[in-house]
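Heads up, the thing below is written out as structure tokens.
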Amino acid sequence: MRKKLVLSFSSATTPLPCGVLRDCEAWGVPCATGLLRCRRLRHNAARLTSRALLVAVLLFCPPAVSAQAQADRLASASLEELMSMKVTSVSRKEQKLSRAAAAIYVVTADEIRRSGATNIPDVLRMVPGLDVAQMDANSWAISARGFNNQFANKLLVLIDGRTVYDPTFSGVFWDIQNVPLEDIERIEVIRGPGAAVWGANAVNGVINIITKGSKQTQGGLVVAGAGPTTTQGMVQYGGKVKGGEGAYRVYAMDTNTGNLMNSPGQPGNDGWRQLNGGFRSDWDLSPRDSLMLEGNLLSEHGGQTIKGLLSLSPPLEGVRRDALDIQDGNLLARWSRKLSGRSDVAVQAYYDGVGHTGFFGLHENLNTLDFDFKHHFAAGDRHDIVWGLGYRFTGDQFTRGFAISFDPPKRANNLFSGFFQDEIRLTNSIQLTVGSKLEHNAYTGFEVEPDVRLLWSPSDRQAFWGAISRAIVQPSRENEDLRVDNTAFPGQGGLIDVVSLFGNPRFRAEELVAYELGYRAQASRRVSLDVATFYNVYHRLTTTEPGTPFLEKTPEPVHLVIPQFFDNKMHGNTHGAEATVTWEVAERWKISGSYSWLKMDLHLDPTSLDPLGTPSQPNPYSPAAAGMSPRHQFQVRSYLNLPRRFEFDTAFSYVDRLPELAVPSYLRVDARLGWKLGESAEFSLAGQNLLDRRHFEFGGLNLVLPTQAGRSVFAKLTWRF
């Protein structure tokens, strides 16, 4: 039976350019009127050199397949099943994706497998509205809805409920979040505030990485991959504990990434090698009780190139190659109990210890101990309540590096928290969610982060939602206690002048009040749509303000310090929209497209004297931050199952320019060819950045000089036994 296929990403309707196929009729798709006919297009294919036509061929014109060929269903779930998928990140309880009153996107395990990615940042590129930019071989800048930076302080990241947000520099070191991609069940990404349940720093978004239970990963697994700049290998084994009440898995992984190219086209000093391993164990203690234990160890050695002050006498600035040395270990335990069919509790505790050397030899030892209690229950027919309590201890100790230090060098902080959320069913189609997080931190004391959300579902296939939220960015050690000597030069009277950035003990929390509207619909059995809009109002944003110069005798010689201090003298607003369309073309073919638009308006307070920075030395703590996030982004992804257990997956994306960092816009095309070798093995060949030899994705901030993401190919073999 023939089917006419029409794809629409906007108000214009575009016929499927099937004429590239050798045998269009094999798809049951007649060639579109007005397009080049099959023979003519094939005859002229050698002359089609424009990038737009190349992208169209990669995305929409796979080889012909037999109409009778049987293939595995793409992404293991239909659109109906995906809309009914259970998510936990919005309300800290299970709920259907279609009933979540938030801008949430779920990356499934099958999408991760078919992405061709070798790390989590590359996986996150497929999330609409998320800005993912590689700074060098071991550093990424990732944020949602603006304010991107190497340490994006408005994005909270969790792995199995354990926060990996760094309380020293207010961000995430993405290189050490090297979870085996084969063990990830899904990644839930919220664009917008999640502070009412997750607390401070869940301001512009939340990324929740959820790994598979050990019962899902039984048997052996060997993964080996290699490319021009990256090699990766992993061995893993999962088994059951005698008696069948428990299961476990253990793994070891080796990742080796070479240097990327810098601006002159020479290898940078940013290569790194990482050895990591870990375990997970899941136990059914009783029909009502379950226990999960998880632990990981990691060792990483690498490098980075830093620009800054090299010598005080004589005053000298330049480029320095720094060594990176990271040791990390964590242990997590979670006990869950079903009290009844309408009530359950969970208690979680984790420890994380990290030693990190970098940034001119600065060494940090950071220890985190966290306890969390959560209770979920239904009260009557209309109220579904979640509440909880939490405590977190962080203790650090620093050994100063050249031109960078913390004062005091040792500090311990306590964070106390509690939250309450009530989902109220007003009618069968309308639900109201109200809640708030209350926290007491060591820097600003008590903070309240309320949230109100309304969802209207006129049918099972569509939902309208809106939200008003308040969230804060908790001050960090950097904001209060950091000192960085940025530059030095000869001054008056034979003195050397040193410009230094200092923390501020009176630094306050940044504040966001967010207004959101969204619409989610399954337009047909094969087409779904998700749209979100937002208007964010920010207060007390970070600036750097000049202070009174003073003389300093140590280190010699005597020099004049020209200080700058962190402060909160900027405000502004951002607004934008994000849209995603998913089309299941056939049983074997799915296409998704997304577009995001962002506008940032930031302004200094009248009392601010914040320097605006220069193109060669941009200042992220000023209105110039608006030019460090792309205004426009879009992408199109195609997943195709071919005969004989082949898969062909492609992705085309566009990222707008970053004017403040002098980074031009770029197009990116990735492609993957996979082949399932029976039931136990799979081979894939993935190419990234196929249009460009290399390009910059972000500029140099936080002392680190950027390198260029380049064209690469990665071959991978996976064997399960």
Which ones in the range 683-721 are free of Cβ contacts under 8 Å to residues at least 60 places away in the same chain, assigned to a strand (DSSP E or B) and open to solvent by 30 Å² or more (accessible area, probe 1.4 Å)? 683, 685
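Kindly indicate the residue of the range 284-304 that is among the charged types (D, E, K, R) and buried (at least 20 other Cβ atoms within 10 Å of the Cβ) and also farthest from residue 161 (Cα to Cα) among those meeting that condition. Full working, then the answer.
First, pick out the residues of the range 284-304 that are among the charged types (D, E, K, R): 284, 288-289, 294, 300.
In the following step, the residues that additionally are buried (at least 20 other Cβ atoms within 10 Å of the Cβ) were identified as 294, 300.
Details: 294: 11, 300: 23 Å.
By that ranking, first place goes to 300.
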When residues of the range 440-461 are filtered for being within 14 Å of residue 414 (Cβ to Cβ) and surrounded by fewer than 21 Cβ atoms within 10 Å (Cβ to Cβ), how many remain? 6
Residue by residue through the range 243-271, note down the ones that are out of contact with any helix residue (DSSP H, G or I) (no Cβ under 9 Å at 6 or more places or on another chain), open to solvent by less than 40 Å² (accessible area, probe 1.4 Å) and over 30 Å from residue 319 (Cβ atoms). 253
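Here's the yes/no breakdown for (1) surrounded by 22 or more Cβ atoms within 10 Å (Cβ to Cβ); (2) within 29 Å of residue 452 (Cβ to Cβ); (3) more than 13 Å from the chain's Cα centre (by Cα):
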{"residue": "101", "(1), (2), (3)": "yes, yes, yes"}
{"residue": "106", "(1), (2), (3)": "no, yes, no"}
{"residue": "115", "(1), (2), (3)": "yes, no, yes"}
{"residue": "126", "(1), (2), (3)": "yes, no, no"}
{"residue": "131", "(1), (2), (3)": "yes, yes, no"}
{"residue": "136", "(1), (2), (3)": "yes, no, yes"}
{"residue": "142", "(1), (2), (3)": "yes, yes, no"}
{"residue": "148", "(1), (2), (3)": "yes, yes, no"}
{"residue": "169", "(1), (2), (3)": "no, no, yes"}
So which residues in the range 464-505 are at pLDDT 95 or above, open to solvent by less than 30 Å² (accessible area, probe 1.4 Å) and over 30 Å from residue 397 (Cα atoms)? 465, 466, 467, 469
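What number of residues within the range 552-564 are surrounded by fewer than 10 Cβ atoms within 10 Å (Cβ to Cβ) and either touching a residue at least 60 places away in the same chain (Cβ under 8 Å) or within 23 Å of residue 506 (Cα to Cα) (or both)? Spell out how you get there, then give the answer.
To start, the set of residues in the range 552-564 that are surrounded by fewer than 10 Cβ atoms within 10 Å (Cβ to Cβ) comprises 553-554, 556.
Now drop any that are not either touching a residue at least 60 places away in the same chain (Cβ under 8 Å) or within 23 Å of residue 506 (Cα to Cα) (or both), which leaves 556.
The number of residues fulfilling the criteria is 1.
Suppose the filter is modelled with pLDDT under 90, surrounded by fewer than 17 Cβ atoms within 10 Å (Cβ to Cβ) and assigned to a strand (DSSP E or B); does residue 318 pass it? Reasoning before the result, please.
Values: modelled with pLDDT under 90: yes; surrounded by fewer than 17 Cβ atoms within 10 Å (Cβ to Cβ): yes; assigned to a strand (DSSP E or B): yes.
Yes; evaluated as a whole, the condition is true for this residue.
Taking residue 240 as the residue in question, decide whether it is modelled with pLDDT under 95, of a type outside the set (Phe, Trp, Tyr) and either more than 23 Å from the chain's Cα centre (by Cα) or open to solvent by 20 Å² or more (accessible area, probe 1.4 Å) (or both).
Working: modelled with pLDDT under 95: yes; of a type outside the set (Phe, Trp, Tyr): yes; either more than 23 Å from the chain's Cα centre (by Cα) or open to solvent by 20 Å² or more (accessible area, probe 1.4 Å) (or both): yes.
Spelling it out, residue 240 is indeed modelled with pLDDT under 95, of a type outside the set (Phe, Trp, Tyr) and either more than 23 Å from the chain's Cα centre (by Cα) or open to solvent by 20 Å² or more (accessible area, probe 1.4 Å) (or both).
From the set of residues in the range 441-461 that are in a strand (DSSP E or B) and over 27 Å from the mean Cα position of the chain (by Cα), which is farthest from residue 567 (Cα to Cα)?
Initially, the range 441-461 is screened for residues in a strand (DSSP E or B), giving 441, 445-459.
Within this subset, residues satisfying the condition of being over 27 Å from the mean Cα position of the chain (by Cα) are 445-446, 456-459.
Details: 445: 17, 446: 19, 456: 42, 457: 44, 458: 47, 459: 49 Å.
Of everything passing the filter in the range 441-461, 459 is farthest from residue 567 (Cα to Cα).
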With respect to the numbered conditions (1) open to solvent by less than 30 Å² (accessible area, probe 1.4 Å); (2) at pLDDT 90 or above, which one is the sole condition not fulfilled by residue 88? (1)
Is at least one residue of the range 209-222 closer than 26 Å to residue 258 by Cα and in contact with a Gly (Cβ under 9 Å, 6 or more places away or on another chain)? yes
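Being among the hydrophobic types (A, V, I, L, M, F, W, C) and within 30 Å of residue 306 (Cβ to Cβ) narrows it down to one residue among 253, 234; which is it? Before the answer, list the steps.
Numbers: 234 fails: within 30 Å of residue 306 (Cβ to Cβ).
After ruling out the rest, the residue left standing is 253.
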State which residue is most open to solvent (accessible area, probe 1.4 Å) when the search covers only the range 150-167 and only residues that are over 15 Å from residue 189 (Cα atoms) and among the polar types (S, T, N, Q). 153
Listed residues 508, 525; which is modelled with pLDDT of 95 or more, outside any strand (DSSP E or B) and open to solvent by 50 Å² or more (accessible area, probe 1.4 Å)? 508
For the range 665-679: of the residues being open to solvent by 50 Å² or more (accessible area, probe 1.4 Å) and not in a strand (DSSP E or B), which is farthest from residue 645 (Cα to Cα)? 665
Extreme residue, modelled with the lowest pLDDT, among residues of the range 632-664 that are surrounded by 21 or more Cβ atoms within 10 Å (Cβ to Cβ) and in contact with a His (Cβ under 9 Å, 6 or more places away or on another chain): 663
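The values are calculated or read from the model by the stated rules, or taken from the named source; none is laboratory data. Since the model is a prediction, treat every value here as computed from it, not as a measurement. Quick reminder, even Gly has a Cβ in these numbers, built from the backbone with ideal geometry, and neighbours come from all protein chains shown. The area values use the complete protein model at the heavy-atom level, side chains included, leaving out ligands, DNA and RNA. Shrake-Rupley method; radii C 1.70, N 1.55, O 1.52, S 1.80 Å.
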